[in-house]
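The values are calculated or read from the model by the stated rules, or taken from the named source; none is laboratory data. As the structure is a computational prediction, the values presented were derived from the model and not from experiment. We place every Cβ from the backbone using ideal geometry, glycine too, and count neighbours over all the protein chains shown.
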Amino acid sequence: MEVLEAQMASPTFWDSPERAQGVVMEIKNLRKVIEPLREAVSSCIDLEELSQMFDGDPALEQEIETELARLEQTTEQLEIRSLLNGPNDDCGAILSVHAREGGLDANDWAEMLLGMYTAWAQQRGFSVELLDRSDDETAGITQATIVVRGESAYGYLKGEEGIHRLVRISPYNAEGKRQTSFAAVDVSPEIDEASGAGGQHVNKTSSAIRLTHIPTGMAVQCQNERSQHKNRAAAWKMLRSRLARIEEEKREAQQLAKYQSKSMTGFGSQIRNYFLHPDQRVKDARTGFQMGNFHVVLAGELQGFLDAFLRYRMMNMQPGS
C-alpha cells in the first residue's frame, strides 16, 4: 500500500495514464479491505479490554454486546468484500432484461424486473442509465438495457444472470387463472476500452444502431437515443462489455461448472422463483435463500440474494467441490 501511494506521489505518475489509473484502482480496492480490517482489529482490542473490566455491571454488559454486534457487522463486510475479487467486479454493470415465455405476462414481468434492479441500485446510491428499451404495444417491455454504476456494481449483479420465473394469477386472463411467465437477465461488465473487439458489422436504420461481432455472431442494438452518434456509442459499449463477459466466463469455466447457461429457458432452468400464488415468496434455486415478501423484493430488497450467491459461488469454486 505504501509503495503504491509513493508511486502516486511521483511527479511523473500521470505520464502513463493507463498505468496510473490501474494503480489508483488498486489503491482504492486495497483501502476497501484495509480500513474495515483496521476497524475489526480495533473492535477486538476494545472487546478484550471491556471483558477484563466486566464485573456484572449491566451497563458494561450492554456496551460489550454493542461492541460485539459492531465487530460482527465489520467482519461480515470484510467477508463479502473478499468475495468481490473478480477481474471486473469493480466495474459498472450493463444489465439487460428480456421477456421470454408467457405472452403479455412475460412482457409485464420483464418490466417488473427492470424496476426491481433500478430500485436496488437507487437504494445503494448507484446511478442508473437507460441504454435501450422496447415497449410492447399492450403491456410491459420486450427488452431493456440499463447501466448500473456504483461500488462493485458488476460484482454484485453478475450472479443475477439467468432465467427468472414468476407464478401469479394473471391480470391479463379474464378467467383469473394462474400464469407462469419467464424473463431472462444478462449482465456484463461496463468496459470503456475497445481493445480486442475487432471484426464488427454495423447496420443503420434511422437513428437505431445494430452491431454484430462477426467472429462470434453476437449482436447488440441501441435505439433509445435520438442521436445516431449516441446510439452507436452505447451499442459499442454494450458489445465490448459482452465480449469481456465471454472472456470472464472462459476463466470461470476452468474452476467452476456454471449452474446457469444463457441458452437455457423455460421450466427447470430458472435461477430464481417468484411466487404470488398460492403463497407469497421468492426463493433462489441455487442458494436456497428466500424471502417471504414478494413486494419487498420487487421494491429492491435484493441484497440478501446477492450476498448469498457470492458465498455460494465461493463454496462451489473450492478445490474438489
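Here is how the numbers come out for the structure above:
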read-out	value
Residue within the stretch 95-114 that is in contact with a Leu (Cβ under 6 Å, 6 or more places away or on another chain), part of a helix (DSSP H, G or I) and at pLDDT below 95 present	no
Matching entry among 107, 88 (being without any contact (Cβ under 8 Å) to a residue 40 or more places away in the chain, of a type in the set (S, T, N, Q) and in contact with an Asp or Glu (Cβ under 7 Å, 6 or more places away or on another chain))	107
Matching entry among 68, 37, 30, 60 (being in contact with a helix residue (DSSP H, G or I) (Cβ under 8 Å, 6 or more places away or on another chain), at pLDDT 80 or above, surrounded by fewer than 16 Cβ atoms within 10 Å (Cβ to Cβ) and assigned by TED's automatic domain parsing to the domain that holds residue 6)	68
Exclusive hit being over 16 Å from the mean Cα position of the chain (by Cα) and in the same structural domain as residue 38 (by TED's automatic domain parsing), set 137, 79	79
The stretch 124-142: number of residues that are touching a strand residue (DSSP E or B) at 6+ places or on another chain (Cβ under 7 Å), hydrophobic (A, V, I, L, M, F, W, C) and in contact (Cβ under 8 Å) with a residue 24 or more places away in the chain	4
Qualifying residue in the stretch 51-62 (condition: assigned to a loop (DSSP other than H, G, I, E, B), on the phi > 0 side of the Ramachandran plot and more than 29 Å from the chain's Cα centre (by Cα))	yes
Any hit, the stretch 78-93, residues being under 24 Å from residue 187 (Cβ atoms) and part of a strand (DSSP E or B)	yes
Options 30, 50: the member that is free of Cβ contacts under 8 Å to residues at least 40 places away in the same chain, of a type in the set (A, V, I, L, M) and more than 30 Å from residue 9 (Cβ to Cβ)	50
The lone exception for residue 183 - which of (1) more than 26 Å from residue 87 (Cα to Cα); (2) at pLDDT below 70; (3) outside any loop (DSSP other than H, G, I, E, B) it fails	(2)
Test: residue in the stretch 211-232 that is closer than 30 Å to residue 273 by Cα, surrounded by fewer than 17 Cβ atoms within 10 Å (Cβ to Cβ) and at pLDDT 70 or above	yes
Filter pass, residue 65 being more than 22 Å from residue 155 (Cβ to Cβ), part of a helix (DSSP H, G or I) and of a type in the set (Asp, Glu)	yes
Conditions (1) in contact with a helix residue (DSSP H, G or I) (Cβ under 7 Å, 6 or more places away or on another chain); (2) buried (at least 16 other Cβ atoms within 10 Å of the Cβ); (3) outside any helix (DSSP H, G or I); number of the one not met by residue 159	(3)
Qualifying position, being within 20 Å of residue 242 (Cβ to Cβ), among the acidic types (Asp, Glu) and in contact with a Ser or Thr (Cβ under 8 Å, 6 or more places away or on another chain), among 132, 136, 108	132
Among residues of the stretch 115-145, those that are in a loop (DSSP other than H, G, I, E, B) and farther than 22 Å from residue 32 by Cβ, counted	5
